[in-house]
1. Among the candidates B:ALA313, B:ALA373, which residue alone is modelled with pLDDT of 95 or more, within 14 Å of chain A (Cβ to nearest Cβ), part of a helix (DSSP H, G or I) and open to solvent by less than 30 Å² (accessible area, probe 1.4 Å)?
2. Filter region B:74-125 down to the residues that are within 21 Å of B:HIS340 (Cα to Cα) and either small (Gly, Ala, Ser) or assigned to a loop (DSSP other than H, G, I, E, B) (or both) and list them by number.
3. Scan region A:59-117 residue by residue and report those that are among the aliphatic types (A, V, I, L, M), in a strand (DSSP E or B) and in contact (Cβ under 8 Å) with a residue 40 or more places away in the chain.
4. Among the residues of region A:103-123, write down those that are within 8 Å of chain B (Cβ to nearest Cβ) and either out of contact with any helix residue (DSSP H, G or I) (no Cβ under 9 Å at 6 or more places or on another chain) or not small (Gly, Ala, Ser) (or both).
5. Looking only at region A:298-356, filter to residues that are under 24 Å from A:VAL273 (Cα atoms) and among the basic types (Lys, Arg); which one of those is most open to solvent (accessible area, probe 1.4 Å)?
6. Quickly run through region B:89-137 and pick out the residues that are farther than 26 Å from B:SER182 by Cα and either out of contact with any Pro (no Cβ under 8 Å at 6 or more places or on another chain) or without any contact (Cβ under 8 Å) to a residue 12 or more places away in the chain (or both).
7. Name the single residue that is nearest to the other protein chains (Cβ to nearest Cβ) among those in region A:256-295 being touching a residue at least 12 places away in the same chain (Cβ under 8 Å) and open to solvent by 60 Å² or more (accessible area, probe 1.4 Å).
8. Would you call A:ALA87 modelled with pLDDT under 95 and either out of contact with any Cys (no Cβ under 6 Å at 6 or more places or on another chain) or away from chain B (no Cβ under 14 Å) (or both)?
Amino acid sequence: MMATILVGMSGGVDSSVAAALLVEAGHEVIGVSLQLYDHSAGGRLARCCSPEDFIDARRVAAALGIRYYVINKEEAFSRHVLDDFVAEYRRGRTPNPCVRCNSSVKFETLVRLARGLSATAVATGHYARVFTDPATGRRSLLRACDRAKDQSYFLFNLTDEQVRLAMFPLGELSKQDVRLAARRLGLETADKVESQDVCFVEGGDYREFLRRRLEESGEREAAGPIVDSRGKTLGLHQGLSRYTIGQRHGLGIAASRRLYVIARNPSGNELVVGGPEELCCSEVALDETSYFGDAPCSPFEATVQVRHRDPGTRALVTPGRAGQAALRFIEPARGVAPGQAAVFYSGDRLLGGGWIARGTQAILPRVARRAPARAAVAK
Amino acid sequence: MRRVYLDHNATSPLGPEARSAMRRLLDEEAGVPLGNPSSPHASGHRARLVVEEARRAVSRLIGAAPSEVVFVSGGTEADNLAIQGIVEPGEPAHLVTSSVEHPAVLEACRKLRERGWELTVVGVDRDGRVHPDDVMKTLRRETRMVSIMTANNETGVIQPIREIAAGVRERGILFHTDAVQSVGKREIDVGALGVDYLAISSHKMGGPVGIGALYVREGAPLRPLLQGGGQERRRRPGTEAALLAAGFGAAADAVRLPGDEDRMRGLRDLLEAEVRRHLAVSAVDIGLVINGEAAPRVAGTSSMTFAGIDNEALVIKMDLAGYAISTGSACSTGSTRPSHVLSAMGLSSTAIASTVRISLGPSTTEEEIRRAAEALTDAVAELASIGRAPLASGAGSR
């Protein structure tokens with residue numbers, strides 16, 4: 001069999017164009033869609049990868065003259081992404097399902113299939129680039145040329161093997177270029193609206209998803225106190241997961257100064273709020289860090305993004321034992337949410353990243369030491 | 001290289017007899033276009049004759065009277081009509097089915113449960129067989145119907161219908177069987193089986209998709225699912241599909257038993273023997289289990305579990321090599337659904353994810369089987385030698 005490239009196709013314009021560009025360049029391409037959830041289970045569960053999207057992908061594949069398959073990954077997605085999503089909220093953290101999905105489900109599946117089919121590469125429609133170190137031949141990731149569309153953040157923990165096989169045909173293109181290419185190629189999906197939110201949540205309402213999933217195991221989130229960093233009760237929250245770190249509105253508190261959500265404390269079912277100065281964080285503890293290339297042993301400086309839409313903050317990264325690391329921000333970072341990914345960049349090069357275990361803010365140890373009042377999630 | 005089609009249980013290629021019967025109908029006959037079978041004019045007469053000829057052919061095939069054959073849109077509708085067709089307004093009752101039924105039966109039974117009926121699902125043994133005693137134990141005064149399939153679509157395992165039906169009907173309880181995977185593949189006689197309802201699908205036996213039949217024993221109750229113009233003796237309204245019926249009837253007439261059955265059994269057994277032989281001399285050590293092997297099976301079906309192999313990857317590899325096989329349990333998106341049949345037989349979820357189904361038909365040749373056996377074991381060996389690395393967590397696994 002000729003050198004074959006597997007392309008992950010979602011039915012959206014990005015992956016359609018990625019596939020088309022590879023075909024245009026003369027490669028042997030096979031399109032693969034991953035079925036991540038059961039859409040027949042009542043209503044339109046998600047905004048992406050529905051049976052209708054698969055039909056779109058299938059038709060694009062047919063127009064390109066390539067083979068197309070749908071693989072069922074519902075169980076793996078439920079285990080690695082959905083369960084993790086719920087578990088993180090239970091811990092009072094903010095999950096990042098897209099990062100988990102990319103490495104544990106999408107790339108894991110495509111790479112394994114590529115090996116099985118003796119395919120030489122796995123391509124997706126992600127906006128990112130692969131960099132090969134000319135000296136060592138080691139591969140790592142770069143931001144996409146279109147900085148506004150850059151999705152490298154979500155790919156930070158791809159394994160070495162996954163990166164070895166990865167190709168990102170859209171990495172040098174702008175979103176505008178991609179739409180133009182789609183029209184030039186006559187792709188049906190050229191004007192299809194892209195899903196912006198987490199894929200398994202309809203209309204971006206993750207709270208409803210979470211409520212339903214918790215309900216399935218007989219759990220419910222309980223209301224609890226909103227407290228300041230000294231423990232004084234200021235109001236009532238309606239369930240910790242409804243609030244995001246850094247959120248200012250919707251707290252239902254009359255206060256003389258601006259208050260932001262600075263932490264969710266599940267052991268006391270407390271929502272901790274504070275002023276803008278308390279939102280800032282100078283130190284962050286990370287775990288499960290991974291690097292492209294050899295893990296550094298000594299501290300290094302990097303630009304760190306703690307969210308996808310984060311311009312980045314300069315920090316000193318000190319690697320620790322067992323995949324841990326300490327970040328010390330040179331300028332304080334705002335809205336650091338435990339559970340999110342902290343991704344290290346040097347210019348456009350993605351060095352690696354880790355998961356935020358906790359932000360070291362002066363207030364948190366005080367709050368954590370108080371006795372738990374009531375569980376955050378009750379049966 | 002010609003493609004080899006080994007997924008007859010999903011659908012069978014249109015047989016030559018069905019094809020020519022339908023082709024003939026597409027042409028006008030002496031200036032008389034094919035009309036609506038219910039119309040009084042020459043066109044209607046022509047169409048009506050076609051439908052009734054087809055009905056006779058199907059009834060002959062199963063040993064029924066033509067008046068006992070109701071044309072429907074396929075096996076799924078036949079099952080639904082039988083199961084939902086016994087519901088009378090008033091007190092809900094009890095029905096019994098097995099854990100390995102096709103979703104058309106299971107979902108129709110579950111629908112009755114929503115209406116207040118009680119449902120008992122009888123399990124199967126490790127060979128996929130229902131034990132008659134297990135069914136008898138579940139029967140109660142309120143039991144109105146028992147539904148057990150004649151042969152399973154994933155494994156080919158044949159159920160002891162005659163015994164079960166006898167015991168059930170002795171108690172005055174109705175018996176339905178989904179015979180979709182049996183009719184045309186083995187001798188089926190409704191009198192000998194002793195059933196009240198029997199479902200048939202045209203496209204599983206060389207006829208066109210879009211038509212099937214429900215055998216309804218004379219005197220057995222049946223309330224129609226659909227409301228309309230009163231066709232099929234008020235049991236299934238809608239203009240009868242003369243074109244499809246012609247194909248279905250021709251396919252029924254073309255069934256050659258036991259000849260086809262013996263030949264298909266021989267080829268299936270050859271496939272299994274060849275696969276075993278190739279595996280034995282393969283450099284890679286792969287365990288093979290043939291599910292339901294110890295039970296009587298319909299000729300032509302083989303459910304194979306290759307230990308540690310990803311069945312979706314295997315099906316794709318075979319497709320790329322020119323062979324159409326199946327994982328046995330499909331989702332309408334084209335991916336796989338975990339098999340409830342294999343689960344009922346006690347297979348682990350890993351084993352289920354390593355199982356493929358190969359189903360041949362009357363058109364399959366020995367050469368195709370030999371080539372397929374080799375291609376299958378080559379593909380399995382390649383997948384096995386690549387190794388089964390544990391699912392990476394992403395972080396820290398570099």
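1. Unique residue meeting the criteria: B:ALA313.
2. Within region B:74-125, B:GLY75, B:SER98, B:SER99, B:VAL100, B:GLU101, B:HIS102, B:ALA104, B:ALA108, B:GLY123, B:VAL124, B:ASP125 qualify.
3. Kept after step one, since they are among the aliphatic types (A, V, I, L, M), are these residues of region A:59-117: A:60-64, A:66, A:70-71, A:76, A:81-82, A:86-87, A:99, A:105, A:110-111, A:113-114, A:117.
Subsequent filtering for residues that are in a strand (DSSP E or B) retains A:70-71.
Correct list: A:ILE71 only.
4. Matches in region A:103-123: A:GLU108, A:ARG112, A:LEU113, A:ARG115, A:LEU117.
5. Looking at residues that are under 24 Å from A:VAL273 (Cα atoms) and among the basic types (Lys, Arg), I get A:ARG309.
6. Matches in region B:89-137: B:PRO89, B:GLY90, B:GLU91, B:PRO92, B:ALA93, B:HIS94, B:ARG113, B:GLU114, B:LYS137.
7. A:GLU288
8. Against the criterion (modelled with pLDDT under 95 and either out of contact with any Cys (no Cβ under 6 Å at 6 or more places or on another chain) or away from chain B (no Cβ under 14 Å) (or both)), A:ALA87 qualifies.
The values are calculated or read from the model by the stated rules, or taken from the named source; none is laboratory data. Model, not experiment: these values are computed from the prediction. Neighbour counts are summed over all protein chains in view; Cβ atoms, including those assigned to glycine, are modelled from backbone coordinates with ideal geometry. The area values use the complete protein model at the heavy-atom level, side chains included, leaving out ligands, DNA and RNA. Shrake-Rupley method; radii C 1.70, N 1.55, O 1.52, S 1.80 Å.
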